[in-house]
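Let me begin by handing over the structure; questions about it come next.
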Amino acid sequence: SMVMPMKTELTKLLQAPFKESEVEWRLQTCGKTAKGFWAMALCYLTNRGIQHRLDEVFGPMGWKNEYREAPQGGILCGISIYDDAKKEWVTKWDGAENTQIDAVKGGLSGSMKRAAVQWGIGRYLYDLPETFVDCTADKPAKREGWNSASTKEKEKFYWKTPNLPSWAKGE
């Protein structure tokens, strides 16, 4: 049977920063002024990144997740880890609203990300400052890292995926 790592070791493994490929940036807010387009992005973990971390730390059989409907709509996710010493599952729950885009899938995804933070996974991303991103009205010529977006007024622009600060980058 698998021996659980010591508590501090376990915390370190769970809280280790992710590779840049395992995080995604999404626009939090954007707009247009006389000077042109502006946008602010926030960094998120991907659910694949979370699943990969749980597999790495506990093995594919050492964790599970489950979903429940939240009292006021939305979705709760519980991530359970098997505690070998106590011979029982330990669960931490968190929830998210259903989203406007792909409502249920968005709620499932959001609630799992929040439950992962309860375990310390990706919690450091909350320490990242809000990040203003480079924006342009002109379509970048097939350059890496550019994304398209629209303002509330449906004006299309392009924004560049920022780099993580070195302290927030995993191996």
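Compute the distance in nm between two label points, each set 7 Å from the Cα along the Cα-to-Cβ direction, one at E144 and one at R48.
It is 1.7 nm.
Here is a follow-up. If you take every residue apart from A149 with its C-beta less than 10 Å away from the C-beta of A149, what net charge results, scoring Lys and Arg +1 and Asp and Glu -1?
Working: positive: R26, K156; negative: E155.
Net local charge, A149 excluded: +1.
So how do 36-45, 113-122, 130-139 stack up, highest first, on mean other-Cβ count within 10 Å?
With the highest mean Cβ count within 10 Å placed first, the list reads 113-122, 36-45, 130-139.
How high is the FRET efficiency between T91 and S166 when r is their beta carbon distance and R₀ equals 30 Å, given to the nearest 0.05?
Details: r = 34 Å, r/R0 = 1.15.
About 0.30, to the nearest 0.05.
Of the cross-linked pairs K12/K169; K92/K152; K113/K169; K12/K86, which ones have a Cα-Cα span greater than 26 Å in the structure shown?
Details: K12/K169 14 Å; K92/K152 37 Å; K113/K169 18 Å; K12/K86 21 Å.
Beyond 26 Å between Cα atoms: K92/K152.
Something else: Roughly what angle does helix 47-58 make with the longest principal axis of the chain, taking Cα atoms, 0 to 90 degrees, to the nearest 10?
Approximately 30 degrees, to the nearest ten.
Please report the net charge: other residues with Cβ closer than 9 Å to the Cβ of L13, K and R +1, D and E -1.
Working: positive: K12, R53; negative: E9, E56.
Here the count lands on 0.
OK, next. Take every Cα pair under 8 Å in the chain that's 6+ residues apart, average their separations, divide by the length, and report that relative contact order as a whole percent. Kindly include the intermediate steps, with their values, before the conclusion.
Numbers: 290 pairs, mean separation 41.2, N = 171.
It comes to 24 percent, rounded to a whole number.
Here's a follow-up. Compute the distance in nm between two label points, each set 7 Å from the Cα along the Cα-to-Cβ direction, one at K154 and one at M40.
2.7
Calculate the FRET efficiency for D134 and S21 from the Cβ-Cβ distance with a Förster distance of 22 Å, rounded to the nearest 0.05. Could the numbers behind the result be given before it?
Details: r = 20 Å, r/R0 = 0.92.
The value I calculate is 0.60.
Projected area of the chain, taken from the Cα convex hull and averaged over every viewing direction, in nm²? Display every interim value, and only then the final one.
On the way: hull surface 49.4 nm².
Mean orientational projected area (the chain, Cα hull): 12.4 nm².
How large is the helix-only mean residue ellipticity at 222 nm for the chain, computed as the sum of -39500 (n - 2.57) over DSSP H runs with n ≥ 4, divided by its residue count, in deg cm²/dmol to the nearest 500?
On the way: 3 runs with 37 residues, N = 171.
Counting only the DSSP helices, I get -7000 deg cm²/dmol.
Please calculate how many Å² of accessible area the chain carries per residue, with a 1.4 Å probe and no DNA, RNA or ligand atoms counted.
Numbers: 11100 Å² over 171 residues.
It amounts to 65 Å² per residue over the chain.
For the range 18-171, which whole-number percentage of the solvent-accessible area (1.4 Å probe, protein heavy atoms only) is attributable to carbon and sulfur atoms? Show your work: numbers first, answer last.
Numbers: 4780 of 9700 Å².
Accessible surface attributable to carbon and sulfur in the range 18-171 totals 49 percent.
Would you kindly derive the ³J(HN,Hα) couplings of the range 73-84 from the backbone phi angles with the Karplus curve 6.51 cos²θ - 1.76 cosθ + 1.60 (θ = phi - 60°), listing them in order in whole Hz, with x for Gly and Pro?
So the Karplus estimates, Gly and Pro as x, are x, x, 9, 9, 10, x, 9, 10, 10, 7, 8, 4 Hz.
Still on this model: Mind checking the range 21-94 for trypsin sites (Lys or Arg not before Pro) that DSSP puts in a loop (not H, G, I, E or B) and that have at most 15 other Cβ atoms within 10 Å? Please list the in-between numbers first.
Numbers: sites: R26, K32, K35, R48, R53, K64, R68, K86, K87, K92; in loops: K35, K86, K87.
Sites meeting the loop and neighbour criteria: K35, K86, K87.
Right, here's the next one. May I ask you to rank E66, E153 by accessible area, largest first, using a 1.4 Å probe over the protein chains only? Show your work: numbers first, answer last.
Working: E66 65, E153 125 Å².
Putting E66, E153 in descending order of accessible area: E153, E66.
Same structure, new question: Protein chains only, probe 1.4 Å: how do L54, L13 rank by accessible area, largest first? Walk me through the numbers before you get to the answer.
Numbers: L54 0, L13 70 Å².
Heavy-atom accessible area, descending, gives L13, L54.
The values are calculated or read from the model by the stated rules, or taken from the named source; none is laboratory data. Computed from a predicted model, the values in this text were never measured in an experiment. All Cβ positions, even for glycine, are placed from backbone atoms using ideal geometry, and neighbour counts span all protein chains on display. Note: areas computed on protein heavy atoms with side chains; ligands, DNA, RNA excluded. Shrake-Rupley method; radii C 1.70, N 1.55, O 1.52, S 1.80 Å.
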